[in-house]
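Just below is one structure, and these are the notes that go with it.
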Amino acid sequence: MFEGLIEQFQLIKRKALGYGRITTSELDGVLRDIRISLLEADVNYKVVKEFIEGVRTKCLKIDLSKSLKPGELVIKAVYEELISILGTNPHHIQFTKDDISVISLIGLQGVGKTTTAAKLAVRYKSKNPLLVPADAKRPAAVQQLKILAERVHIPFFPLQDNSARETVKEAKEYAHKKSYGLIIIDTAGRLHIDADLVRELVEIDRSVQTTYRLLVADGMTGQDAVKQAEMFKDKVGLQGAILTKMDGDARGGAALSIVRATDVPIFFICTSEQLDGIEVFYPDRMAQRILGMGDVASLVEKVKGIEEKIDHENLRKKVMKGELDLEDFLTQLRAVKGLGPIRKLASMIPGVKESDIDEKEFKRVEAIIQSMTKRERRKPDIIDGARKRRIAAGSGTTVADVNQLLKQFFYARDLLKKAGQGNLSDSIPFRL
Ligand code: GDP
C-alpha cells in the first residue's frame, strides 16, 4: 500500500533528519519535496496546499533554530498534519440498540460494493446480518451477492417484484419477524451518477431509514473517488466511506484527500479480494505507515489471532529437548499464512518494504515440507540423498532447495534448543 509515497517520504525523512540546523530555506526545501510527493500520489491540490501550510505553521511555532534535533521536530509536525488530514479519530459503526441497524452501501459499478457487503456481514456476524440486493437492473449483481452470502453462510433476502424499494421494505419487515439485527443493502451500481440512480437511492432511504449510508469507492482511482464522494454526499447524503483495493497500487490520493476535501470520514479500508480483507481505518496507524514507522499496532492485533492456535507449552517442551520437527514448522508457517499475504504483514514492520519480501520463498518451503512423508517431517534426520531427490521432484524444486531448507531448519533447531537451555553464547561464533 502506498509504496511510492512511502519511498518518497523515507527520502524526505532522511534528508530532514540529516540537517544540523534548519533555517527557513531548508524548511522550504523539505516542504517543496513533500508537496511534489503528495501531488504525485494524486492527492487533491487544495488538500496539499493546506497540508503544507499546516506543517509550516507548526514548524515556525517551534523555533527550529534553537533545537538540537530540528529534523525530528519537522517529521513530528508532518506526522501530526498527516493524522489531521486523514481524519484524526477512527470511526466505528454504532449499532442501533432497539431497532434493526441498516447499512446501505452506495457506489459506482465495479468499485467493490458487493464484495464489501459480504465482508461487512462476515465482520458483524454476531449482529445476525441479512444481506439484501437492491439492483433490479443487474441480475448478475444480485446473483453475485447470493453466491457470496452462501459462501459465508449469511442469510440472503431475494429481490422482490423486480423493485429495489419493495425489496428493502419487505426485507426490513422480514428482518423484524425473524429478529435479524443488521441489514446490509447492496444498492445499484451504475457507470455514472445519474438522476435515476439518485432517485432510487433516496427511495431506498425513505423506505427503510438507513442508519448508515456508506460510500464504497475504489482507492486506486484517487481523485475520482473524491469526486464520487462529493456527488453522492450532495445528492443522497453520506455518513462515511469505505476505500477498497488498497492492496493494489493505490497511490494514496483517495485516502489522503477524501476526508479533508469532502468531510466524509473513512470507516474502513479493504486490502484484499478475500472476505476478511477489511480493516477499520486508523488515521494514526496510516500516518505511521506512510512515514515508514510501520504499523505495529495492526500487526499485534493480527498476531493475537494466531496466538490461540498455537500450543505454546507443547512447543516449548519440544524446543527444550531439541525435538522440534518439520510438522511443527509447517503448523507455524500456516498459522502465519492465515494472517494474510506475508508481504503485506511485513510492510507493517518499521523499515521493511513490501518489495523486500519474497512471497514465493514461503510457498517453496511449504511445497517442500508437503512433499515429505509424515515420518520424514517428524524425523528430518532420516532424509538421505534418495529421499531428497524424491522430495525435490514432488515439490517442483531442486535438491539444493531441499538441502538449504534442511540446513536452515537444523541450525534453527539447535539454536532454539541452546537458547532454551541458556547456552546460546556457545553457538554464536563472534560477538559484536
Ligand atoms: P461492485 O460492482 O461494486 O459490486 O464490485 P464487486 O464487488 O463485484 O468487485 C469488483 C471487483 O473488485 C471484483 O473482482 C472483486 O473481487 C474486486 N475487489 C473488491 N474489493 C477488493 C479489494 O479490496 N481488493 C482487491 N484487490 N480487489 C477487490
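Determine whether Asp249 is surrounded by fewer than 20 Cβ atoms within 10 Å (Cβ to Cβ) and within 13 Å of the ligand (Cβ to nearest atom).
Spelling it out, Asp249 is indeed surrounded by fewer than 20 Cβ atoms within 10 Å (Cβ to Cβ) and within 13 Å of the ligand (Cβ to nearest atom).
Based on what the data block shows, is Ser37 part of a helix (DSSP H, G or I) and surrounded by fewer than 17 Cβ atoms within 10 Å (Cβ to Cβ)? It would help to see each step written out before you state the result.
Values: part of a helix (DSSP H, G or I): yes; surrounded by fewer than 17 Cβ atoms within 10 Å (Cβ to Cβ): no.
So Ser37 does not fit the description; no.
When you check Leu130 against the structure, is it under 16 Å from Val216 (Cα atoms) and in contact with a helix residue (DSSP H, G or I) (Cβ under 9 Å, 6 or more places away or on another chain), yes or no?
Details: under 16 Å from Val216 (Cα atoms): no; in contact with a helix residue (DSSP H, G or I) (Cβ under 9 Å, 6 or more places away or on another chain): yes.
Spelling it out, it is not the case that Leu130 is under 16 Å from Val216 (Cα atoms) and in contact with a helix residue (DSSP H, G or I) (Cβ under 9 Å, 6 or more places away or on another chain).
Looking at region 252-280, which of its residues are more than 8 Å from the ligand (Cβ to nearest atom), hydroxyl-bearing (Ser, Thr, Tyr) and surrounded by fewer than 24 Cβ atoms within 10 Å (Cβ to Cβ)?
Thr262
Could you tell me whether any residue of region 220-239 is more than 16 Å from the ligand (Cβ to nearest atom), polar (S, T, N, Q) and out of contact with any helix residue (DSSP H, G or I) (no Cβ under 9 Å at 6 or more places or on another chain)?
The answer is yes, given that some residue of region 220-239 is more than 16 Å from the ligand (Cβ to nearest atom), polar (S, T, N, Q) and out of contact with any helix residue (DSSP H, G or I) (no Cβ under 9 Å at 6 or more places or on another chain).
Based on this model, can you work out whether Ile147 counts as assigned to a helix (DSSP H, G or I) and touching a residue at least 60 places away in the same chain (Cβ under 8 Å)?
On the way: assigned to a helix (DSSP H, G or I): yes; touching a residue at least 60 places away in the same chain (Cβ under 8 Å): no.
Here the answer is no, as Ile147 does not meet what is asked.
Given Pro158, Pro133, which one is modelled with pLDDT of 90 or more and either hydrophobic (A, V, I, L, M, F, W, C) or surrounded by fewer than 21 Cβ atoms within 10 Å (Cβ to Cβ) (or both)? I'd like the intermediate steps shown before the answer.
Values: Pro133 fails: either hydrophobic (A, V, I, L, M, F, W, C) or surrounded by fewer than 21 Cβ atoms within 10 Å (Cβ to Cβ) (or both).
Going through Pro158, Pro133 in turn, just one is modelled with pLDDT of 90 or more and either hydrophobic (A, V, I, L, M, F, W, C) or surrounded by fewer than 21 Cβ atoms within 10 Å (Cβ to Cβ) (or both): Pro158.
Tally the residues that are over 26 Å from Leu5 (Cα atoms) and either part of a helix (DSSP H, G or I) or touching a His at 6+ places or on another chain (Cβ under 6 Å) (or both), restricting the search to region 63-73. I'd like the intermediate steps shown before the answer.
First pass over region 63-73, keeping only residues over 26 Å from Leu5 (Cα atoms): 63, 65-68.
With either part of a helix (DSSP H, G or I) or touching a His at 6+ places or on another chain (Cβ under 6 Å) (or both) added as a condition, the list becomes 65-66.
Qualifying residue count for the region: 2.
Sort through Lys417, Lys407 and tell me the only one that's surrounded by 13 or more Cβ atoms within 10 Å (Cβ to Cβ), out of contact with any strand residue (DSSP E or B) (no Cβ under 6 Å at 6 or more places or on another chain) and not small (Gly, Ala, Ser).
Working: Lys407 fails: surrounded by 13 or more Cβ atoms within 10 Å (Cβ to Cβ).
None of the others qualify; the one that does is Lys417.
Would you mention how many residues in region 169-219 are small (Gly, Ala, Ser) and within 15 Å of the ligand (Cβ to nearest atom)?
Looking only at region 169-219, we keep the residues that are small (Gly, Ala, Ser), and these are 171, 175, 179, 181, 188-189, 195, 207, 217, 219.
Then keep just the ones that are within 15 Å of the ligand (Cβ to nearest atom); that gives 188-189, 217, 219.
Going through region 169-219 one residue at a time, the tally reaches 4.
Within region 82-120, track down each residue that is within 13 Å of the ligand (Cβ to nearest atom) and small (Gly, Ala, Ser).
At the first step, the residues of region 82-120 found to be within 13 Å of the ligand (Cβ to nearest atom) are 105-120.
Result: Gly107, Gly110, Gly112, Ala117, Ala118.
Select from region 74-117 the residues that are surrounded by fewer than 24 Cβ atoms within 10 Å (Cβ to Cβ), hydrophobic (A, V, I, L, M, F, W, C) and in a loop (DSSP other than H, G, I, E, B) and list them in ascending order.
Ile93, Phe95, Ile100, Leu108, listed by residue number.
The values are calculated or read from the model by the stated rules, or taken from the named source; none is laboratory data. Everything quoted here is computed from the prediction, not taken from an experiment. Glycine also receives a Cβ, built like all others from the backbone with ideal geometry; neighbour counts cover every protein chain displayed.
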